[in-house]
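The structure appears below as structure tokens.
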Amino acid sequence: MFRSTNSGASWSQLGSLGGSGNVMLINPAPSNSNVIYTARATQLFKTTDGGSTWTNITTGIPTGSPWITDIDVDNTNANNVYVTLSGYTAGNKVFYSTDGGLSWVNYSAGLPNLPANCVVFTKNSPGAIYVGMDFGVYYREL
């Protein structure tokens with residue numbers, strides 16, 4: 001992973017992630033530029049030091065067959081993070097954490113058994129999200 005702070009005129013390498021495969025998603029926390037979430041297909045990582053060191057925070061998310069398809073972070077709290085999963089495993093579509101990925105809560109109730117493709121946190125809300133699926137967009141609040 002590389003970072004540019006001058007619109008791509010120069011790049012510096014960040015610390016290395018574990019695992020293998022392409023990095024599919026990168027989402028920095030709006031409230032803290034040192035906190036960045038990133039995902040390979042079935043692994044989720046977090047840094048709290050701007051990318052020097054990374055921690056695998058996948059434990060508690062049922063990845064493997066379904067892939068992580070999106071990440072979004074609360075704009076006021078870098079520890080509130082949401083992820084969506086692909087696949088057709090009923091009841092495993094959206095997971096969220098309020099402790100930066102130390103633990104995860106399944107937030108999939110009411111969603112159809114279709115791949116979840118994206119999640120958008122509603123800024124300044126108490127946990128309102130939109131989830132885009134293969135068929136439809138769904139809304140939910142904590």
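The values are calculated or read from the model by the stated rules, or taken from the named source; none is laboratory data. A quick note: this is a predicted structure, and the numbers were derived from the prediction, not measured. Quick reminder, even Gly has a Cβ in these numbers, built from the backbone with ideal geometry, and neighbours come from all protein chains shown. Each accessible area value is taken on the protein alone, full model and side chains, heavy atoms only, with ligands, DNA and RNA left out. Shrake-Rupley method; radii C 1.70, N 1.55, O 1.52, S 1.80 Å.
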Taking the criterion of being open to solvent by 10 Å² or more (accessible area, probe 1.4 Å), of a type in the set (Asp, Glu) and not in a strand (DSSP E or B), would at least one residue in region 38-56 satisfy it? yes
Got a number for residues in region 81-103 being under 18 Å from ASN27 (Cα atoms), in a loop (DSSP other than H, G, I, E, B) and open to solvent by 30 Å² or more (accessible area, probe 1.4 Å)? 3
What pairs come out if I take residues in region 14-39 that are without any contact (Cβ under 8 Å) to a residue 24 or more places away in the chain and within 22 Å of ASN75 (Cβ to Cβ) and pair them with residues that are in a loop (DSSP other than H, G, I, E, B) and open to solvent by 70 Å² or more (accessible area, probe 1.4 Å) whose C-beta lies under 9 Å away, six or more apart or interchain? ASN34/THR48; ILE36/THR48
I'd like the full set of residues that are under 15 Å from ASP74 (Cα atoms) and open to solvent by less than 30 Å² (accessible area, probe 1.4 Å), limited to region 104-130. VAL119, PHE121, SER125, GLY127, ALA128, ILE129
Residue in region 1-22 that is within 23 Å of VAL120 (Cα to Cα), of a type outside the set (D, E, K, R) and open to solvent by less than 50 Å² (accessible area, probe 1.4 Å) present: no
So, in region 104-142, how many residues would count as being in contact with a strand residue (DSSP E or B) (Cβ under 7 Å, 6 or more places away or on another chain), among the aromatic types (Phe, Trp, Tyr), assigned to a loop (DSSP other than H, G, I, E, B) and farther than 18 Å from THR42 by Cβ? 1
LEU44 being modelled with pLDDT of 95 or more, touching a Lys or Arg at 6+ places or on another chain (Cβ under 8 Å), within 30 Å of PHE135 (Cα to Cα) and of a type in the set (A, V, I, L, M): no
Pairs returned, first residue in region 83-99 that is at positive phi, second residue that is open to solvent by 30 Å² or more (accessible area, probe 1.4 Å) and part of a strand (DSSP E or B), beta-carbon separation under 8 angstrom, 6 or more apart or interchain, are GLY91/ASN106
Considering only region 60-70, I want to know if a residue exists there that is farther than 22 Å from THR42 by Cβ and either open to solvent by less than 30 Å² (accessible area, probe 1.4 Å) or not basic (Lys, Arg) (or both). no
